[in-house]
Amino acid sequence: KIVMKSSFKRNFSFQKPRATQEEIDELIESLPSLKHLFPAVNLGQVIVKDTAGFTYSSRFNKEDVKLQQSKEKNHRAIDVEDINEVGSSYTKSEVSVTSTITSKQGYEKKRRYAMSLATLAAKPDKRVFMVNEGAIALLVDLANSHDATVQVRCASAFAALSKESSIRVRMLEEGVLTSVLALANNTSAWEVKAYSCIALCNLCCEDGYESKMVKESVPFLVTHIASSCPECLDVCLKILLNLSCTTDKFHRIEDITEALIFFSNFALTLDQEYIILGTLCNLSAMRNNQLRLVEDGCLRIVEKHFKSPSKFLRKTACEVLKNLTVDHRTRLKLLELNIIALLLDISNDPEEDIRMQCIKSFLFLSKDEQFRRKIAESEALEYILNVSKSISNGQYELGHIVAKILQILCSDQAIVPILVKSGVTNSIRALLNSPDNLIHQFCVESLCSLFQNEKVTEQLIEQEADQLIVTLAIHNQDKLIREWCAFALFHLTKNQICEPQAVQDSVLPCIIILCENTSELTKLFCAAAFACITLFKTADCSGAIPLLIKMLRLESGQNIKKYCASSLFNLADKNENCYLMLDYEALLPVVQLTQSDYIETKVLCAGIISRLSLHKQYYNRFAVGSVLKVLLELSCVDHRITQRRVVIALSNLSQNEILRSMLIELNPIPYIVSLAAERDEYLRRGCISIVCNMSYIPGSERAIVVAGIIPTLLITSLITSDQIITKL
């Protein structure tokens with residue numbers, strides 16, 4: 001806010017007192033108002049620069065004293081009554097400063113009081129003392145006078161006192177604003193208007209009173225003053241500037257805008273134009289005020305300054321325009337006004353700060369769907385892409401803005417084909433040359449959005465966009481950026497567009513690197529990417545098996561374990577991979593994972609165990625832990641594929657003598673009977689093979705028969721099964 005330093009000053013110089021001490025004592029004794037205001041003062045002993053009394057400032061002489069003494073003899077009773085009557089309306093502490101004079105003979109007194117107060121107010125070291133002694137209430141009372149001289153002195157005193165920031169709140173609370181407005185409204189004297197403007201400008205510097213001043217019609221008043229008193233135009237504009245210095249919109253704030261539009265028709269100087277634009281800049285920065293400004297026509301004021309020879313005016317005008325683009329409701333109105341063409345015109349300005357405001361405006365406009373379409377279909381897209389390619393290493397702020405714009409544009413799947421065709425990949429590649437992590441983050445977010453669109457995935461691979469992610473993931477250690485890289489690689493592998501050799505040589509090693517010393521979210525995306533990569537049957541993904549087993553053993557996230565189990569299941573269709581899994585002791589983590597609450601995870605674990613059970617040389621691994629018990633429990637899962645895999649695993653494992661004995665001890669017959677009763681030939685055949693293997697142990701017949709297997713065998717062979725192998 002701007003604090004006016006102009007003031008009304010009068011300097012007095014005395015060589016000796018104008019009256020003797022006895023005369024002054026008699027005068028003070030005869031004037032009750034002065035007697036209440038000041039204690040007895042010996043003027044003969046007072047140094048001029050130290051006095052604080054009105055008697056120093058007032059110009060008394062012997063003739064004045066004699067005349068006043070004669071008047072007091074006739075009117076003393078009337079004055080006492082007046083003072084008592086007025087004083088009764090104040091508290092006790094205020095009686096000493098209440099000196100309203102209502103008699104017709106009191107105009108001279110009022111003039112002297114006003115002159116004294118104005119003179120004291122002009123002295124910075126006296127202002128706080130005056131206010132503490134109650135000068136504000138006295139000035140407010142004197143300001144009601146219709147005497148032109150008193151009005152000028154009161155306005156001058158208000159202007160001088162308002163320079164003191166420590167007493168402005170008190171002035172506002174004690175009614176100075178109302179008095180100043182009344183003085184400015186009810187007089188034709190330019191001095192009163194000028195001093196009133198200065199006082200208003202300084203009082204406007206106090207935060208929190210802007211709404212009150214607008215409510216009191218200060219904006220309308222300044223237009224009236226400036227019209228009748230052109231000398232006050234500068235101060236009037238500064239009043240509007242001070243009123244706009246608030247962050248929150250308040251009632252009738254549009255009055256300030258109307259006043260600015262009124263002043264914009266004046267023949268203004270460069271500084272005055274700058275004040276108007278500064279005020280509009282403040283108004284456009286207020287929340288929820290942008291739409292009203294556009295509707296009121298503030299763009300007409302701003303638009304004419306875009307080609308101004310003054311860079312300060314051009315910069316401020318661009319700042320106003322940028323502020324208007326922040327509000328989502330205002331953007332539709334700006335779209336109708338063809339704001340994109342205006343911004344493209346501004347983008348050619350030689351000043352870097354102005355071009356920065358222009359690109360910031362594009363950033364805010366890109367948040368609106370309709371503007372994104374307009375940008376993609378206009379020259380604005382080419383401008384943004386060119387800016388991204390021309391950024392040097394030191395231009396981090398510009399890099400942040402452009403990278404953010406590209407991230408927002410790429411998130412709109414409807415315009416992604418246009419972006420890819422226009423070369424957005426090359427712009428992202430240029431931005432990645434910057435060492436700034438925030439720019440890298442926006443770039444990898446853009447790549448993530450691009451890879452989610454299956455229509456452009458092949459084009460992105462041709463433009464080597466996948467290698468951008470791989471390179472960034474390997475060399476950047478920022479956790480957040482690594483998360484986005486993992487997410488991008490997940491989408492890249494999900495679409496299965498990359499060549500298997502490229503997946504094996506670059507993508508897979510990159511994902512393995514990302515899993516080391518990183519966040520849980522990054523590991524989740526990497527595990528999901530592993531699940532997609534292992535579907536590439538022509539790519540050798542065996543290098544990921546140790547990491548998958550480690551994650552399966554150490555990670556606590558159930559989703560991470562599920563994706564790891566899915567990857568191991570996909571890899572277990574090759575004997576070499578199964579050998580590697582068993583060598584790295586994958587069996588126990590898989591068995592423990594069967595206790596998961598997710599059916600899908602149980603199915604995957606049952607499939608892994610089933611495939612690992614085909615390798616007889618590793619059967620000793622199945623004897624450790626509770627593998628057989630877990631398989632029997634899995635047979636109770638109401639999922640047919642899981643039941644089949646359990647039966648296959650038990651059928652294979654029961655061929656081993658040690659495992660057969662362990663299985664009989666677990667009393668598996670109730671589980672087998674339940675499975676054999678299902679209407680599934682594969683289950684029946686598998687159950688019968690398990691019973692056949694268990695009966696191979698000498699002496700086991702009794703336990704098997706007692707468990708109740710005979711009825712199941714008879715029903716299966718005679719009724720339910722029609723397969724010769726099962727009956728045999």
Any idea of R644's accessible area? Nearest 10 Å², probe 1.4 Å.
-> 90 Å²
Carbon/sulfur fraction of accessible area - the range 136-282, other protein chains in place, 1.4 Å, % = 51 percent
Please tell me which of these pairs span more than 18 angstrom C-alpha to C-alpha: K110/K163; K494/K537; K311/K374?
-> K110/K163; K311/K374
Points 7 angstrom from Cα along the Cβ direction at D248 and E382: gap in nanometres?
-> 4.9 nm
Would you give the gap between the C-alpha center of the range 295-316 and the C-alpha center of the range 206-252, rounded to a whole Å?
-> 21 Å
Reciprocal of mean inverse Cα separation for the range 289-349 (Kirkwood radius, Å) | 11.7 Å
Phi-derived 3J(HN,Hα) across the range 140-157 with the Karplus relation (6.51, -1.76, 1.60, θ = phi - 60°), rounded Hz, x for Gly and Pro, is 4, 5, 5, 5, 6, 5, 8, 6, 4, 5, 5, 4, 4, 5, 5, 4, 4, 5
Within the accessible area of the range 467-548 (1.4 Å probe), percent carbon and sulfur = 57 percent
Determine ³J(HN,Hα), in whole Hz, for all residues of the range 343-352 in sequence, where each value follows from phi through the Karplus function 6.51 cos²θ - 1.76 cosθ + 1.60 and θ = phi - 60°; x replaces Gly and Pro.
-> 5, 5, 5, 5, 4, 8, 5, x, 7, 5
Put L260, L363 in order of accessible area, largest first, probe 1.4 Å, and you get L363, L260
Once you wrap a convex hull around the alpha carbon atoms of the range 503-616, what is its projected area averaged over all directions, in nm²?
-> 6.4 nm²
Rounded to the nearest 10 Å², what accessible area does I513 show when all protein chains are kept and the probe is 1.4 Å?
-> 70 Å²
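Ranked from the most accessible area to the least, with a 1.4 Å probe and all protein chains present, what is the order of H328, H475, H615, H400?
Result, largest first: H475, H328, H400, H615.
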Net lengthening on full extension, Q595/S674 (0.36 nm per residue, minus Cα-Cα) | 26.3 nm
From the backbone phi of the range 489-499, what are the Karplus-calculated ³J(HN,Hα) couplings (6.51 cos²θ - 1.76 cosθ + 1.60, θ = phi - 60°) in whole Hz, Gly and Pro given as x?
-> 5, 4, 5, 5, 7, 5, 6, 6, 8, 5, 5
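The values are calculated or read from the model by the stated rules, or taken from the named source; none is laboratory data. All values reported here derive from a predicted model rather than from experimental measurement. Glycine gets a Cβ as well: all are built from the backbone with ideal geometry, and neighbour counts include every protein chain shown. Just so you know, the surface numbers come from the protein's heavy atoms only, side chains and all, with ligands and any DNA or RNA stripped out. Shrake-Rupley method; radii C 1.70, N 1.55, O 1.52, S 1.80 Å.
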